[in-house]
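K.L.:
Could you have a look at this structure, given as structure tokens, before my questions?
Bear in mind that the values in this text are calculations on the coordinates, not laboratory data. Since this is a predicted model, take the numbers as computed values, not measurements. Heads up, the Cβs are rebuilt from the backbone with ideal geometry, glycines too, and the neighbour counts pull from every protein chain shown.
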Amino acid sequence: MSKTMRWNTTILVLGLLALVLIGWNVMEIDSSPAQAPINTIEPTYQSEYTTMVVYNKVGGIQYKLIADQMNYFSESQITWLTQPIATTFDEKTVPIWILKADKAKLTQDKKLYLYGHVQMDILNDSSHPTRITTNNTIINLVM
């Protein structure tokens, strides 16, 4: 075999080896499982006729939420509530307020957005009117 023929054979073998390695690399990239798209329309968790009780650092009740339906969306970290009833408590776990609405949104920073026929009743021994009604309001549940 002549030198030219050996060089051509060597170049041909190296070229084929390069093509095999490139094909193998592309095959590894394409064979990785595709991530499922995040569903922002359907709730991550949902429940009906639910009671959620949140406690403070010393073990007393901070607030209680009751709802006909709760839907939690992990992408936005928001919980939607249908027909919510929220009760807030003071540091001695005495109920202070009862809040009712048609719908509510509970955010990650523990703000409760109440929508539609909102009714807020203060629970005290006062002889003054203790009910506030409005269409929408925002309550900060963190004390």
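K.L.:
Order of 98-111, 46-59 by packing, highest average Cβ count within 10 Å first?
P.N.:
Top to bottom by mean Cβ count within 10 Å: 98-111, 46-59.
K.L.:
Using per-residue counts of other Cβ atoms within 10 Å, averaged over each peptide, order 61-72, 78-89 from highest down. All intermediate terms of the calculation are to be shown ahead of the outcome.
P.N.:
Details: 61-72: 18.3, 78-89: 19.9.
Most protected by this proxy first, the peptides run 78-89, 61-72.
K.L.:
Which residues' amide hydrogens lie under 5 Å from the amide hydrogen of Lys103, considering only partners 5 or more residues apart or on another chain, with H built in the peptide plane?
P.N.:
Answer set, sorted by chain and number: Gln83, Tyr115.
K.L.:
Straight-line reach from Lys111: which lysines fall under 23 Å, measuring Cα to Cα and dropping same-chain residues less than 8 apart?
P.N.:
By straight Cα distance, Lys111 reaches Lys57, Lys64, Lys92, Lys100, Lys103.
K.L.:
Taking only the alpha carbons of the stretch 45-140, what extent do you get along each of the three principal axes, in Å, biggest first?
P.N.:
Computed over the stretch 45-140, the largest-to-smallest principal extents equal 45, 34, 23 Å.
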